[in-house]
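The numbers here are math on the coordinates, done by the rules we state, and not lab data. The shown structure was predicted, so the numbers you read here are calculated from the model rather than taken from an experiment. Reconstructed Cβ throughout: ideal geometry from the backbone, glycine too, with neighbour counts over all protein chains shown.
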């Protein structure tokens, strides 16, 4: 769950907004229902395709399919070039 949480932080940092606003997710279990239902946050206009691809790769439903922090670090370094 750590890499998943890291991607939520990336999403919020890039977008300057809450990933799961209380106006849409009044209770914490609503977030869990949303995610467990296979839903993910959509790409926002303020994000590049490359940024969103990195974030969404951290959100694979199966933990084993998520990218590692080492891969995230490499991709972030490449984005900064």
Checklist entry - Failed condition for residue 74, given (1) touching a residue at least 12 places away in the same chain (Cβ under 8 Å); (2) more than 11 Å from residue 11 (Cα to Cα); (3) not in a loop (DSSP other than H, G, I, E, B), with all others met? => result (1)
Next on the checklist: Considering only residues that are touching a helix residue (DSSP H, G or I) at 6+ places or on another chain (Cβ under 9 Å) and not in a loop (DSSP other than H, G, I, E, B), which ones fall in the range 1-26?
Outcome noted: 2, 3, 4, 6, 7, 8, 10, 11, 14
Checklist entry - Which members of the range 27-61 meet the condition of being part of a loop (DSSP other than H, G, I, E, B), out of contact with any helix residue (DSSP H, G or I) (no Cβ under 7 Å at 6 or more places or on another chain) and surrounded by 14 or more Cβ atoms within 10 Å (Cβ to Cβ)? => result 60
Item to check | Whichever residue in the range 62-71 is touching a residue at least 40 places away in the same chain (Cβ under 8 Å) and outside any loop (DSSP other than H, G, I, E, B) and, among such residues, is surrounded by the most Cβ atoms within 10 Å (Cβ to Cβ) | outcome: 69
